[in-house]
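The values are calculated or read from the model by the stated rules, or taken from the named source; none is laboratory data. Note that the structure is predicted; figures quoted are calculated from it, not measured. Backbone-built Cβ (ideal geometry, glycine too); neighbour counts: all protein chains shown.
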Amino acid sequence: MLGSGIIKGLAVTAKNFLGSYHDPARMVTVEYPEQPTVLPEAYRNFPFLISEDAADPMGTLRCVSCQICEKECPPQCIVIEKSKDKKPDATGKPQLYPLTFNIDISVCMSCQICVEVCPFDAIKMDKVFEVAVTNRFDGLLLTRDQLAKPNSYYHDIHPAEAAEVDERLAAERKAAEEKAKAAAAAKAAAAAAKATPTPKPSDGPTEASAKGGTAA
Amino acid sequence: MTAALLLIAVLMLGSAAAAMLRRNLIHSALLLVASWTGVAAFYLWAGAEFVAFAQILVYAGAVSMVVLFAVLLTRQSREADLPIEPATVTRTASAFAVAASLAAVIGSAVATARFPAASAEAPAASVKQIGLELMAEHGAALLIVGIVLTVALIGATVIASNDKKRDPEDAP
Amino acid sequence: MDTLEQLRDRLATRFPEAQVVFVTNPGASAEHSLLLDAAHARDIAFFLRDDPALRLDYCSNATGIDWPEKEITDVVKTSVPDPAGGPAKIVETKSVRVQPGYLEAVYHLFSVALKHGPVVIRLRTANRSDAVTLPSLTPVWRSCDFQEREIFDLFGIVFAGHPDLRRILMWDEFKDHPMRKDYVEPADYEWEPTAHDEVLDKAKAFRASVPSVAARKETAS
Amino acid sequence: MSAAADSFLERAPLELRDWAVQLLPAPLQWISHHLITIVAVLAVFGLFFAFTTVAERKLLGRLQNRLGPNRAGLPKFSILPWHIRHKLFGLSQPFADAVKALTKEDIVPAAADKVLHFLAPVVVVGFSLMTFAVLPFGRNLIPVELDAALLYFFAAGSASELAIFMAGWSSRNKYSLLAAMRALAQLISYELPLILSVVPVVLVASTLSTSAIVQAQGAWTFGVLPHWFVFTPWGFAGFIIFLISALAESNRSPFDLPEAESELVAGHLTEYSGFKYALFFMAEYFGLTALSGLGVTVFLGGWQAPCELLYWVPSYLWFMGKLILMIMLFIWVRGTLLRLRIDQLTRLSWQFLVPLALLNVGNAAFWALTAQWSGPLQLVRWAVSAAIVIVPFLVIGRSLSAGYAPRTYRYAP
Amino acid sequence: MNSPAPAFASVPSPFGAPSGPTVRAVHDQFHGDLLEVSMGPQHPSTHGVFRMIASLDGEQIVKLKPVFGYLHRNHEKIAENTSYLASMPYTDRLDYLCSMSTNWAYALAVEKLLGQSVPDRAQYLRVILAEMTRIVNHSCLVGFLFNDLGTSFTPLLYAFREREKFIDLFESLSGSRMMCNYQRFGGCRVDPTPEWLAAARTLIENFPRFLDEYERLLTGNEIMLARTQGIGRLDPARAVNAGITGPVLRASGVDYDIRKVDAYGFYSRFDFRVPLGDHGDTYDRYMLRILEMRESVKILSQAFRDIPAGPIMDPKAKQRGHRPKAGEAYARIEGPKGELGFYLLSDGGPNPYRYRVRPPSLINLTLLEEMCLGHTIADSVVILGSIDIVLGEVDR
């Protein structure tokens, strides 16, 4: 019957009209400024640098400016300048640190390849998307101090991921300490072995120490 | 009431004259429409509502469209190519002859006609009476006019349709 | 469908005077290809499409590759007998020869009727400068129409017999062919949002050279 | 109609006017009497237009599972303390639109025909407002009591075609001329079924005056079933044809070809901006309101109450209620249906609507002649009348939609 | 129906002419005065910066030349100057509606070049995400098609309401709604959590209800039948010769679906049917998309039922610094728009020596003129909509 298709169509829109009043699945508008948008945990926007403690962000940056991310970044929007001197990092080992670390977020396409290739978990993806600035040239070039954010902030925005990263780092640190302890123990044992023959006559120690040296 | 009548007459005749004088064909067509509405206003002044509305509906609504479509589809609407020949002696003479004969005919008709006394109230003819009158007495005339119009329309479309000689082979 | 070698032999018998060369693909995918000579390419293409056993009626992909000149130093090890009767010495003579560059068009052919896999054919131009014409395969497979226009636009291979050979992506007045290896980017870096290092140098160089931009620079700063 | 119907609310508007008129000296009374009516009609339908635009956007929004405009509140310095928190559901959107339309720059193309370009919106708004003069809003609330009211309505309505042509021609732009030609073809081919669908009502009510037509629909059977023309077979068919033609006359949804953005951008309105564009926009809505007002008057019993018990409700509320329902129907159709192509649109009119409308006139003639049948003959009368409507609908419908049918699909082996 | 367009020796090629008025009168010896209208590149119904120069005889189209290149950024040159991994995020921007399936096509090509194997769970994930992308793309297309037909956004917003749910799943898995950058060479980047899989399963279960509601709204609609049946008819033999692939080809009745022909990934493990049309017009193309969405739902429910546990990344696969041996590879998948192919030629270096994308959108436009000849301008908009092009892929 001519027109039956049209009437069925009208019925569908009527159902949606009524549905939009009571069925939440049919009313999809989120009134943004009043109701905040719910972002999933894995949401990623522009990168940021992790610093160990919030008190002194510049001092305790995890980044050791190895510049892998600068090479791997597809649109080449990261610029790093190495420091001349070294500074002890979280595990106490002296490491380089970046003098300047600029990300040009007008070029960055937040593809998180830098996060993937960073061996030190120093750079992670942020969840902020209200990044409007008034000046297009300098406003969108984020420098080191704008990028650095404490590890606690990382725990706020990506809880599961942050926990897993910290766990891994702790495990690595523990493994590194054990290795260091084992190496120290071995050195101590070798030193002890070297120290025990000293009560022998005085001429003995010269060859022993030579032999001990090689044994360590 | 004569002031209103004067105003309507001036409007009607003025727009008709302007329609003839304008070089732009579209402007003259629209001024023609204005003069037809002037006629309708005259009917309204005379109290014949039915005829006035019929006049607007038929003339201002439909016939004006036919005129405008004709002007556009025959592509003569641009001012540039309107050929105005110089007014030679024979042409002005024949114009005056035609005007004189026309004036004579209208003058005799007006002179012999018997106007009812101006003061008599216009007969309040209701629509029902007009309908009955039309159908009963003038039914035949109405039908003939209908047939003539249809034949004219069909003739027009037949003429118009094959003036665009399309090659048969590339009909899509 | 038989293997590529059998296909090459059939082509050799079918078109005795055409040179059909078997190009091996060293990669893991082992998709070898047949290099056809330009003269007989279109007849072979018609044969590939209409042969009942093959029926390669669908040319999926047509693309160009640019092979510029290359110096190849091939090392020839010749053992020179030692006149004093000692062990023969291996003498390496390095001879540097220049492999002439050429432009190549690669076509991946499939069969929709018989649903069998890719047959890859290659056509090569004589050189990269003046003799860059190849026979167009659009009359055989209409799908090469836009793709050959793109190869002409980005690589510069002129396809003889193409119904409508114009640039497809770049604008008509554009002179160079961008996908060639020796393509030099135009230096109109008049505007770069946040230029840094070599892009910054280019921008500065450009700004200095163009008076209008330079003038605007003074007024702005 | 019992005399007790004239409750205070019913007579209030008329008494207000008479009280205001007799305040003035005698010679001015005739003028002020009509002036007040005109001002009242303009005010009511001006606001009605404003809130129709908002209603359309909110209703369309709800049809599409989203909220309509809800940001425009009253200006901040308003006296209402709770306004800051409360956004008035976007009801002040039309005033914001009006201000925007007024302040927008009005660009007239250089090559345009200035006089015609200016005259087109004036003519279209003028004529579409004149159509309100004959609509009976209440029991005796009718601006002008005309004997040939319906004929007046269609005469005023047909002049808007002239304005569309003037707009299309004077913009000197090929797109707008092409679109104006299309719009004219559409309007002319749908004026015929529009008038033909009203002819049966005139035939049965044997009068052209709208208030008489509404009187003819006054009675109720068993106190509940109103004698509106829409509840008769030929009336229902006429109403459907009237709806389709009204949609086409006011350039709305399935027939909004002139403003089809996917083809000719904004049709004959391309070269209009600022207040002139707002005038065209307003004229379209006035045309829509006038046509649905006529539909309510002719088919849905004007200001008649649906049943005897609700007779005490003031009559103009019934008219407004039905008018709002009709406009919501138009908006609902706009939210659902696709657009017809120009040749399908004209074919639908000439090959489907006009024949059915002509048959409907025959049907109404049969209905009028067999008015005095009673008892079992009443059923025969209804059956024959219904047959005259349904059978041609099915026959012509099948020929119209020949070759178009949903298909079943096979799957690869 | 569509006779070959007569040669227009006398009509000057419009492209040479400077960008004059978008509408100009053109004389041609067969049809007298033609109105040459340029639709695009800024036109509300050409799905992006695509331009059609149509010569009109009254309402009918006599000649139609598409013009591309407005969104050309030479994606292939960029890919040849960056590493294999760095090109992966760029493939999201090719066909920005189906980034997951484009990623898979690129990953497939590099794996074929490297000879890299992929664990089972990753294969299942790839099939799941490709089919979800197909549903996202088809619902997008069906929505926009009705926008071209003139509805005031209603079907588009219904389709987008459903598409939004899928895109939220992509966002919670890969981090971004449309630029997922999710596949890697040898597997996937992130392992979906059980909650994600459960949410996806429930979404798939009640997706057919949306399809039924959509079909009730539109498929039987008389105006829709009148506007799309018999419009833009495509002859099967010409379609195959013109390299048209995907739903547009199958709507003309040619049984060629690369998921069945190549059986790449784990498609051979799922049983699904390939719908075919008989008339090859716009209505068939629309219905094909709806039926393909129903088939994708079938595949997805099977995939969710028996997705195995296990690693999502081949342990031997390296993250960066790929230097494949010299050689070439051409891999192709059945993308939502047709056959999407990647042709990679490596000379042993870190960057591909030749990187070529076979764009289904561009090649499906080959016969646009033949399909539009004889129809009116309103139909050409619908025909273009039914071919489903995305300018990011057409212009690369």
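Some points to look at:
- Failed item in (1) under 27 Å from residue E:373 (Cα atoms); (2) within 14 Å of chain C (Cβ to nearest Cβ); (3) out of contact with any Pro (no Cβ under 7 Å at 6 or more places or on another chain), with residue E:185 passing the rest: (1)
- Filtered by the rule that a residue be within 13 Å of residue A:102 (Cβ to Cβ) and in contact with a Cys (Cβ under 8 Å, 6 or more places away or on another chain), segment A:64-79 gives A:69, A:73, A:77, A:78.
- Looking only at segment D:208-224, and only at residues there that are in a loop (DSSP other than H, G, I, E, B), surrounded by fewer than 21 Cβ atoms within 10 Å (Cβ to Cβ) and out of contact with any strand residue (DSSP E or B) (no Cβ under 9 Å at 6 or more places or on another chain), the one that is nearest to the other protein chains (Cβ to nearest Cβ): D:224
- Within segment A:44-83, considering residues that are within 23 Å of residue A:169 (Cα to Cα), surrounded by fewer than 21 Cβ atoms within 10 Å (Cβ to Cβ) and touching a helix residue (DSSP H, G or I) at 6+ places or on another chain (Cβ under 8 Å), the one farthest from the other protein chains (Cβ to nearest Cβ): A:53
- Checking A:192, A:132, A:122 one by one, the residue that is small (Gly, Ala, Ser), more than 14 Å from chain E (Cβ to nearest Cβ) and in contact with a Cys (Cβ under 8 Å, 6 or more places away or on another chain) is A:122 and no other.
- Test result for residue D:175, in contact (Cβ under 8 Å) with a residue 24 or more places away in the chain, in contact with a Ser or Thr (Cβ under 6 Å, 6 or more places away or on another chain) and within 27 Å of residue D:297 (Cα to Cα): no
- Test for residue A:105: is it aliphatic (A, V, I, L, M), within 27 Å of residue A:78 (Cβ to Cβ), at pLDDT below 90 and buried (at least 17 other Cβ atoms within 10 Å of the Cβ): yes
- Qualifying positions in segment B:52-68 - among the β-branched types (Val, Ile, Thr) and within 7 Å of another protein chain (Cβ to nearest Cβ): B:56
- Counting only residues that are assigned to a helix (DSSP H, G or I), within 30 Å of residue D:342 (Cα to Cα) and of a type in the set (Val, Ile, Thr), segment E:194-230 holds 2 of them.
- In segment E:76-98, the qualifying residues are those that are of a type in the set (Asp, Glu) and more than 27 Å from residue E:160 (Cβ to Cβ), and the one that is farthest from the other protein chains (Cβ to nearest Cβ) is E:80.
- When residue D:139 is tested against (1) buried (at least 20 other Cβ atoms within 10 Å of the Cβ); (2) more than 14 Å from chain B (Cβ to nearest Cβ); (3) under 30 Å from residue D:379 (Cβ atoms), just one condition goes unmet, and that condition is (3).
- Among the conditions (1) among the small types (Gly, Ala, Ser); (2) over 24 Å from residue D:246 (Cβ atoms); (3) surrounded by 19 or more Cβ atoms within 10 Å (Cβ to Cβ), residue D:387 misses just one, which is (3).
- Every residue from segment E:346-361 that is within 26 Å of the chain's Cα centre (by Cα), crowded, with 24+ Cβ neighbours inside 10 Å and either at the interface with another protein chain (Cβ under 8 Å from one of its Cβ atoms) or more than 16 Å from residue C:149 (Cα to Cα) (or both): E:352, E:355, E:356, E:358
- The set of residues in segment C:5-48 that are among the β-branched types (Val, Ile, Thr) and under 21 Å from the mean Cα position of the chain (by Cα) comprises C:20, C:21, C:23, C:24, C:44.
- Hits in segment C:51-102 (condition: of a type in the set (S, T, N, Q) and in contact with a Lys or Arg (Cβ under 6 Å, 6 or more places away or on another chain)): C:61, C:63, C:73, C:99
- Check on residue D:153, more than 8 Å from chain B (Cβ to nearest Cβ), aromatic (Phe, Trp, Tyr) and not in a helix (DSSP H, G or I): no
- Hits in segment E:230-244 (condition: more than 8 Å from every other protein chain (Cβ to nearest Cβ) and either over 22 Å from residue D:407 (Cβ atoms) or under 17 Å from the mean Cα position of the chain (by Cα) (or both)): E:239
- The conditions of being part of a helix (DSSP H, G or I), modelled with pLDDT under 90 and more than 14 Å from chain E (Cβ to nearest Cβ) are not met by residue A:32.
- Taken over segment E:161-180, residues that are touching a Phe, Trp or Tyr at 6+ places or on another chain (Cβ under 9 Å) and either within 13 Å of chain D (Cβ to nearest Cβ) or assigned to a helix (DSSP H, G or I) (or both) amount to 10.
- Residue tally, condition loosely packed, with under 11 Cβ neighbours inside 10 Å and in a helix (DSSP H, G or I), over segment D:20-29: 3
- Residues of segment A:135-155 that are away from every other protein chain (no Cβ under 14 Å), within 18 Å of residue A:67 (Cα to Cα) and buried (at least 17 other Cβ atoms within 10 Å of the Cβ): A:144, A:147, A:148.
- Boolean, residue B:16 is over 25 Å from residue B:129 (Cβ atoms) and more than 13 Å from every other protein chain (Cβ to nearest Cβ): yes
- Top-ranked residue of segment C:131-151 - restricted to ones that are polar (S, T, N, Q) and away from chain E (no Cβ under 11 Å), ranked as surrounded by the most Cβ atoms within 10 Å (Cβ to Cβ): C:136
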